[in-house]
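Have a look at the structure below, then the notes.
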Amino acid sequence: MKHAYVFPGQGAQAVGMGKDLYDNVPAAKELFEKANEILGFRITDIMFAGTDEELKQTRVTQPAVFLHSVIMAKALGVKPDAAAGHSLGEFSALVVAGALSFEDGLKLVSKRAMAMQAACEAQPGTMAAILGLEDKVVEEICASVDGVVVAANYNCPGQLVISGAVEAVDAACEKAKAAGARRALRLPVGGAFHSPLMEPAKQELEKAIAEAPFQTPVCPVYQNVDAKPYTDPAAIKANLIAQLTAPVRWTYIVRNMLSDGVTEFTELGPGSVLQGLIRKVDPNAVVESKSTL
C-alpha cells in the first residue's frame, strides 16, 4: 500500500479556509500566527473572513492555499509515501515531504506570488481551458498561432489549459472550437502563468530558490516539469525554477504515481479539484479530499 498526498494550487481558495484548524488545533494556530508575522500582514483575517476579491489577489491566494494545505498536513501528522502538488501546490508537497521548512517554504511562496503579480502587471496575459481535444491537437493549434500561446496545464485527458498573450490565446480558442473542442473558454486569472511571459518572475525567483536550504525529502516528490519523482535537492531546485515558465504535467504525474505503485491519494487543502482530475485519469483510483478536520 502506497499513500500519496497531493496539494492544490491557485484557484482552489475559498473564504473560511483553515478556520477550523486555527480554532481547534493550538499547534495550527501557532503556525498561522507565525505566518502572519513572516508575511507582515494578517493573512488569517483575509482567509477566514475576507472577501472573494481580497482572497483572489495572487499575493494573498498563493500563501493562503499553501498555509491551508501544509498546516492541515501537520495537524493530521501525515507520513507520505509520495507527494505532488499542482503548480503552487508543489511547494506544499516539498514542505510536507521535508525538503523545505515551513518558514522557508512560506517565504518562497510569498516571493513567487509577488514576482508573478509583477510579471502579470508588466505583460498582460491570460489562460483558457480547452475541453474535449487530445493534448497533441491542442499543442499543434498553439504552435500554429502567431504570438505567445502554449500548453500550460495538462490537467486530465481531454482537459488542457493554454496560456499566453491575450490575442494569441483568443485565436487558439477559435481554432480549438473549429477543431471540435467541446469548450474553449477564458479563465478568470490575472496573467499567463506557466508560459514564457513568466520569464521575469522566473529570474526573480531563481536567486531565492538557489539560496534557500533544501534537504532530501522523506519520500519522492513528483515534480510538475516532467512528472518524474525526485529526492535530490539540487534537481528539485532546478525543476522548481523551471516550473514558472514550463507546463504543469498533472495527467502524467498521476499516471506515473499509479504505475509506481501508489494505491491511495489524499488531497489536502481547499476544494477538491485534484480529486476530480485524478478520477478522470483513472476512474478506479482510490482518492479523497480533506479541507477540514
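The values are calculated or read from the model by the stated rules, or taken from the named source; none is laboratory data. Note that the structure is predicted; figures quoted are calculated from it, not measured. Cβ coordinates were reconstructed from backbone atoms using ideal geometry, including for glycine residues, and neighbour counts include every protein chain displayed. What goes into the accessible areas is simple: the full protein's heavy atoms, side chains included, and nothing from ligands, DNA or RNA. Shrake-Rupley method; radii C 1.70, N 1.55, O 1.52, S 1.80 Å.
Details
- Shown in residue order for the stretch 45-53 are the 3J(HN,Hα) couplings computed by the Karplus curve 6.51 cos²θ - 1.76 cosθ + 1.60 at θ = phi - 60°: 4, 6, 4, 8, 8, x, 9, 4, 4 Hz (x for Gly and Pro).
- Based on DSSP H segments of at least four residues, each scored -39500 (n - 2.57), the chain has a per-residue ellipticity at 222 nm of -15000 deg cm²/dmol.
- Anchor Lys74: aspartates and glutamates whose Cα lies under 17 Å away (excluding residues fewer than 8 positions away in-chain): Asp20, Asp23, Glu30, Glu33, Glu90, Glu103, Asp104, Glu267
- Förster radius 35 Å - calculated FRET efficiency between Val166 and Asp45 (Cβ-Cβ, nearest 0.05): 0.55
- Local electrostatic count at Ala151 - Lys and Arg +1, Asp and Glu -1, tallied over other residues with Cβ under 15 Å: -2
- Length gained on full extension, Glu121 to Glu33: 28.7 nm, using 0.36 nm per residue less the C-alpha separation.
- Annotation: amide H-H contacts under 5 Å for Glu267 (H modelled 1.01 Å from N, sequence separation of 5 or more, or interchain): Val6, Glu288, Ser289, Lys290.
- If R0 equals 45 Å, the separation of the Cβ atoms of Leu131 and Lys207 corresponds to a calculated FRET efficiency of about 0.75.
- Of all accessible heavy-atom area on the stretch 192-244, the percent that carbon and sulfur account for (1.4 Å): 56 percent
- For His3, the solvent-accessible surface with a 1.4 Å probe is about 40 Å², rounded to the nearest 10.
- Exposure check, 1.4 Å probe, all protein chains in place: Val138 carries approximately 10 Å² of accessible surface.
- Average accessible area per residue (Å²) across the stretch 124-187 - probe 1.4 Å, nucleic acids and ligands excluded: 45 Å²
- Extension gain, Thr292 to Val218: 0.36 nm times the residue separation minus the Cα-Cα distance gives 24.2 nm.
- Taking all protein chains as shown and a probe of 1.4 angstrom, Lys177 keeps an accessible surface of around 100 Å².
- In this Cβ point-charge picture (+1 for Lys and Arg, -1 for Asp and Glu), the stretch 189-283 has a dipole of about 200 debye about its Cα centre.
- Along the stretch 220-235 the Karplus relation, 6.51 cos²θ - 1.76 cosθ + 1.60 evaluated at θ = phi - 60°, assigns HN-Hα couplings of x, 10, 7, 9, 4, 5, 9, 6, 9, x, 10, 10, 7, x, 5, 5 Hz to successive residues, with x for each Gly and Pro.
- Here the accessible area is traced with a 1.4 Å probe on the protein chains. For the stretch 124-187, carbon and sulfur cover 53 percent of it.
- Taken along its principal axes, the alpha carbon cloud of the chain reaches lengths of 55, 43, 36 Å, longest axis first.
- Other-chain or far-sequence residues with amide H under 5 Å of Leu133's (modelled H): Arg182
- Hydrodynamic radius by Kirkwood, which averages 1/r over all alpha carbon pairs of the stretch 124-187, in angstrom: 10.9 Å
- Its alpha carbons considered, the stretch 39-107 gives a radius of gyration followed by a Dmax of 12.4, 37 Å.
- Calculated from backbone phi, Karplus (6.51, -1.76, 1.60) coupling profile of the stretch 153-167 in Hz, x at Gly/Pro: 10, 8, 7, 6, x, x, 9, 10, 9, 9, 8, x, 5, 3, 5
- Measuring between alpha carbons in the structure, the pairs from Lys56/Lys107; Lys29/Lys107; Lys56/Lys280; Lys29/Lys207; Lys228/Lys280 lying more than 24 angstrom apart are Lys56/Lys280; Lys29/Lys207.
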